[in-house]
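Structure record follows, encoded as structure tokens.
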Amino acid sequence: AFEIWTDWLASVAAKSRKFELANLSLSARYALRGRLGNGLEAAIENCVAVLRAFDERHDESRQVLASSVVVPDNYIDLLRVIGVYPLTAIPVILGLERWKGKNLPSFQSPPSALKMHGTAQRFVPAAEAPPLHPEAITDLLRQQSDNPLNVPRPTKTELNNLAAAFAPVFEIDVVGEYDRIGAPTLLPDGVPRIDTQIPSAYVQSSWAMFDGVPVLQISYLVWFSQRPPMSAMDILSGHIDGLIWRVTIGRHGRPLLYDSIHACGCYHLFFPVPPTRLKEHPIDDPGEGTMVPVHAPELAPNQRMVLHVRSGDHYLRGISVTTVDASGSSNYELVPMDRLRSLPSIKGRRQSLYDEQGIVTGTDRGERFLLWPMGIFRPGAMRQWGTHATAFVGRRHFDDPYLIENTFTQ
């Protein structure tokens, strides 16, 4: 199990180095070629192999590695101390309660009753999902979990098929171009923009624990060109907006639970599929609680989840199911989320969508001047997967593998 774990770590490290290599300036790449020759990617692989061989020869390396691999917290305690967090958290809680009262009741209404300001536009996955019945998914997950870690690790092709099978339909109230999903591209000055001519959803796999067993998760990230201001003093508006939808797949081949956040980490909503339910006393539940607007239905064959998205602020305001039918809809492509780590830039260069802190350049919001005492770095800005703190009061992380197990049961 330890060898598989360290091999996995090494492969993730090598992939990260290759993205860094691709994003280097031409002068830096020429300098490296002068020292290492033309096989720069091969040099990365060789370096990884040398380090792995060293670790295998020295037993003490295992203890050092096991004790040092800690996922960093996305909260800054110093900000909470300076901002007198116990006091400043009170108005934040009150504000969240007002937001709940205003935005969560819509989930109790049928989609036909949702108020529209523009035209309902459906975006459906372009990929033809193969007929994956729960029994087939169960067999696939069992085969891919046949390792000492008991972690389901589908191949690239298998993950693509699963992502296509569980991909949702986005039904958006389209008032302006800012309500259409698209693909991030980089302008000549390096500032990102969203090309709505290329509707896309960016896919990321992850893993969670549930009932002591590792289960597979698939996230879908869609981008909008902006969150337009609703008033002259709208501190939540800004350049680029994003929405993430995630499905947690049980070993029985069916979704256990869905959850959603915006790309800033805010508005964390959970939609358990019965018999999955919220625990009476969730472990480490943040001070603002766990928002469960409604339970999600179990999908029948050839059905997809429909996400009803509001215009402008792109709040999720309802979920429903639909039979797969692309007529009258726009197609979106399923793209690996890793592609955002190296985008084409000017003069043959490449650049990550994110800066060194995992923030999308130019997406800061005015709310950061009010919410910094909650201990979140640049609150409101769009951020990279794996850096999402999702609670202003308390602590909660979107990529916490124990989040589902600590919060829900069956």
| message | Could you order the peptides 283-296, 49-62, 380-393 from most to least packed, using the average number of other C-beta atoms within 10 Å per residue? | response | 380-393, 283-296, 49-62
| request: Apply 1/(1 + (r/R0)^6) to the Cβ-Cβ distance of A1 and D338, taking R0 = 30 Å, and write down the FRET efficiency to the nearest 0.05. | output: 0.70
| Stretched out fully, how many nm does the piece from N331 to L65 gain, at 0.36 nm a residue minus the Cα gap? | 91.3 nm
| Mind checking the log10 I(q)/I(0) for the range 1-81 at q = 0.19, 0.25, 0.27 Å⁻¹? Debye, one equal scatterer per Cα, no solvent, two decimals. | -0.91, -1.16, -1.27
| said: Starting from the 7 Å offset along Cα-to-Cβ, what nm value, one decimal, do you get for the label separation of R350 and R142? | reply: 4.0 nm
| query | Over the alpha carbons of the range 174-241, what is the largest minus smallest coordinate on each principal axis, giving the biggest first in Å? | reply | 49, 30, 25
| message | So the label point goes 7 Å from the Cα of Q410 along Cα→C-beta, right? Which residues of the range 251-283 then have their backbone N under 14 Å from it? | response | 251-258, 272-278
| request: For a quick protection proxy, order the peptides 247-259, 358-370 by their average other-Cβ count within 10 Å, most packed first. | output: 247-259, 358-370
| query | Only one of the listed values, [x] 93, 74, 47; [y] 64, 50, 50; [z] 100, 46, 43, was derived from the coordinates as Cα extents along the principal axes in Å; which label is it? | reply | [y]
| message | I'd like to know how the range 269-362 sits against the 2.2 N^0.38 Å rule of thumb: what's its Cα Rg over that expected value? | response | 1.54
| note | One point scatterer per Cα, no solvent, Debye formula: log10 I(q)/I(0) for the range 72-114 at q = 0.17, 0.30 Å⁻¹ comes out as -0.65, -0.98
| note | So, for the Cα atoms of the range 209-302, Rg and Dmax in Å stand at 16.1, 50
| task | Please work out the ratio of the alpha-carbon Rg of the range 80-239 to 2.2 N^0.38 Å and round it to two decimals. | result | 1.37
| field | Reachable lysines, given that their alpha-carbon falls under 26 Å from the alpha-carbon of K156 and they are not under 8 places away in the same chain | value | K15, K18
| note | Here the gain from full extension of R395 to S11, 0.36 nm per residue of separation minus their alpha-carbon distance, amounts to 135.2 nm
| Relative contact order for the chain: what is it in percent, counting Cα pairs under 8 Å that are at least 6 residues apart? | 21 percent
| Net charge of neighbours whose Cβ lies under 12 Å from the Cβ of A164, counting Lys and Arg as +1 and Asp and Glu as -1 | -2
| Hits among lysines - C-alpha to C-alpha of K115 under 17 Å, sequence gap 8 or more where chains match | K102
| message | Given 25 °C and 0.890 mPa s, compute D for the range 11-56 with the Stokes-Einstein relation, Rh being the Kirkwood radius over Cα pairs; round to the nearest whole µm²/s. | response | 219 µm²/s
| remark: Neighbours of T119 by Cβ distance under 10 Å: Lys/Arg at +1, Asp/Glu at -1, summed charge -2
| remark: Here the relative contact order (percent) of the range 280-390, from C-alpha pairs under 8 Å and at least 6 apart, is 13 percent
| field | Formal net charge of residues neighbouring P148 (Cβ-Cβ distance under 14 Å; K, R +1; D, E -1) | value | -2
| query | Assigning unit charges at the beta carbon (Lys, Arg +1; Asp, Glu -1) and nothing else, what dipole magnitude in debye, to the nearest 20, does the chain show about its Cα centre? | reply | 800 debye
| When the convex hull of the C-alpha atoms of the range 88-150 is computed, what volume per residue in Å³ does it have? | 249 Å³
| query | Using 0.36 nm per residue, how much length does the chain from I283 to H133 gain when fully extended, once their Cα-Cα distance is taken away? | reply | 50.7 nm
| note | Relative to the compact-globule estimate 2.2 N^0.38 Å (N residues), the Cα gyration radius of the range 191-348 stands at a ratio of 1.16
| query | Using a 1.4 Å probe on the protein chains only, how many percent of the accessible area of the chain belongs to carbon and sulfur? | reply | 57 percent
| Ranked from highest to lowest mean number of other Cβ atoms within 10 Å per residue, what is the order of the peptides 264-277, 31-44? | 264-277, 31-44
| field | Accessible solvent surface per residue of the range 194-290, calculated while the other protein chains remain in place, 1.4 angstrom probe, Å² | value | 34 Å²
| task | Can you quote the Å³ per residue value for the convex hull of the Cα atoms in the range 24-173, rounded to an integer? | result | 336 Å³
| task | Using a Förster distance of 25 angstrom, determine the FRET efficiency expected from the C-beta separation of L26 and D189, and round it to 0.05. | result | 0.90
| So which aspartates and glutamates pass the test for K100, namely a Cα distance under 14 Å, with those fewer than 8 places away in the same chain ruled out? | E288
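The values are calculated or read from the model by the stated rules, or taken from the named source; none is laboratory data. Model, not experiment: these values are computed from the prediction. With ideal geometry, Cβ positions are generated from the backbone for all residues, glycine too; neighbour counts draw on all protein chains shown. Accessible surface areas use protein heavy atoms only, side chains included; no ligands, DNA or RNA. Shrake-Rupley method; radii C 1.70, N 1.55, O 1.52, S 1.80 Å.
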